[in-house]
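Here the structure comes first, spelled out in structure tokens, and everything after it is commentary.
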Amino acid sequence: MEQTLNAASTIDEVLSKRPLIISGPCSAETEEQVIETATRLKATGKVDVLRAGIWKPRTRPGSFEGVGTKGLNWLNQAKKITGLPIAIEVATGRQVEDALHFDVDVLWIGARTTVNPFSVQEVADALRGANVPVLIKNPINPDLELWIGAVERVAKAGIKNIGLIHRGFSSYGNTEYRNAPMWHLAIEMKRRNPNMMIINDPSHISGNRTLLQSVAQKAIDLDYDGVMIESHIDPDKAWSDAKQQVTPERLAEILDGIKWRHETTNEREFVVALEKLREQINHIDDELMQLLGQRMKIADKIGQYKKENDITILQTNRWNELLERAFRKGESLGLSNEFITKYYDAVHMESINHQTAIMNS
Ligand code: PEP
Ligand code: MN
């Protein structure tokens, strides 16, 4: 049975559905794979837009770099069969031209493109005069200005319907996620663009299947407008991002498992406000830990110096001086002397333990 995008439901109307669910393979691989994925996604009744990468920006050369323009035919075929509008990533002016020529419904700018103002400008120039929604992923590095700059370039090209996709940020030493979510950055981006929709991309944040559900839930708790989750008919055999893709049927289970929070408006507002504040606290706690780690490294250096010069670890005068200073500062910041004493004792003990370890080494 063939379906077409109902004339009454324009792409802007489809994108205004809440929650908006975008899914499809990381990459279009073969015509059969695209059509079977689309058909099985459609059968779940839960997906609004079909995504697929046609040109893949890969970190290292030699990996599969996408099927190219022929994939646009397959996507159009899938759209004819399922009625699902189609979305692809564009990174160059030429790719925009091809996408527009093939009537792609939604374009997105990938994280590796958002980082580069030259590339974003080239894409924006090619978009001039087009009437197509454009979703802009956050840049791979945690730099809000680059994300905002990309939005401005696309807006200046006359694109009216611009949305945001939060796909997490590259970071060293983060083991749990492929791309650290750094929720506070997305929250701040949304605060600065209150009328722009924001979609979460649990697939590229997680980098694996197990975290998808909890990341998607968090996004919904933070009042995101929807999610984009990669799906594949045979995830383990996917040509790109195999570890994070799920079957269309598993996607449906994940979506079913999400608590969509149909509470009354008051309750919903409360949950969202609370989640946002908690994220800010998480962020500050992370920074405090980083700073404490740095502080101990300096204590190690002092320990080394004391060892070389045969000085005792505990120097009472210095410690009293530190405390007095902290009490005065704490007063203006609303921190009690009792808290400051406890905090400094704990920090001091840790510092002494570090220095003792150095002295005995
Ligand atoms: C993708 O969506 O498949 C992709 C390449 O994502 P990102 O730009 O977020 O890395
Ligand atoms: Mn991918």
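Mind checking which residues of segment 233-250 are more than 10 Å from ligand 2 (Cβ to nearest atom), part of a loop (DSSP other than H, G, I, E, B) and either of a type outside the set (Asp, Glu) or not assigned by TED's automatic domain parsing to the domain that holds VAL14 (or both)?
ILE233, TRP239, THR247, listed by residue number.
Let me spell it out: the conditions are (1) part of a loop (DSSP other than H, G, I, E, B); (2) outside the structural domain of ASP223 (by TED's automatic domain parsing), and LYS276 meets all of them except one. Which number is the exception?
Just one mismatch for LYS276, condition (1).
Could you list, in sequence order, the residues of segment 168-209 that are within 16 Å of ligand 2 (Cβ to nearest atom), without any contact (Cβ under 8 Å) to a residue 60 or more places away in the chain and either assigned to a strand (DSSP E or B) or more than 21 Å from ASP285 (Cβ to Cβ) (or both)?
PHE169, SER170, ASN200, PRO202, SER206, GLY207, ASN208, ARG209 - these are the residues of segment 168-209 that are within 16 Å of ligand 2 (Cβ to nearest atom), without any contact (Cβ under 8 Å) to a residue 60 or more places away in the chain and either assigned to a strand (DSSP E or B) or more than 21 Å from ASP285 (Cβ to Cβ) (or both).
Under the condition of being within 14 Å of ligand 1 (Cβ to nearest atom) and modelled with pLDDT under 95, which residue from segment 32-67 is surrounded by the most Cβ atoms within 10 Å (Cβ to Cβ)?
LYS56
Where residues in segment 82-103 are under 24 Å from the mean Cα position of the chain (by Cα) and not in a helix (DSSP H, G or I), which of them is surrounded by the fewest Cβ atoms within 10 Å (Cβ to Cβ)?
If we take residues in segment 82-103 being under 24 Å from the mean Cα position of the chain (by Cα) and not in a helix (DSSP H, G or I), then THR92 is surrounded by the fewest Cβ atoms within 10 Å (Cβ to Cβ).
If you check ALA180, ALA157, which single one turns out to be in contact with a Lys or Arg (Cβ under 8 Å, 6 or more places away or on another chain) and assigned by TED's automatic domain parsing to the domain that holds GLN121?
Working: ALA180 fails: in contact with a Lys or Arg (Cβ under 8 Å, 6 or more places away or on another chain).
Every option except ALA157 fails the conditions.
Return yes or no: is PRO139 in contact with a Ser or Thr (Cβ under 9 Å, 6 or more places away or on another chain) and not aliphatic (A, V, I, L, M)? Give the derivation first.
Numbers: in contact with a Ser or Thr (Cβ under 9 Å, 6 or more places away or on another chain): yes; not aliphatic (A, V, I, L, M): yes.
Judged against the criteria, PRO139 is a match.
The values are calculated or read from the model by the stated rules, or taken from the named source; none is laboratory data. Just so we're clear, the structure is a prediction, and the values are computed from it rather than from any experiment. Cβ atoms come from the backbone with ideal geometry, glycine included; neighbour counts cover every protein chain shown.
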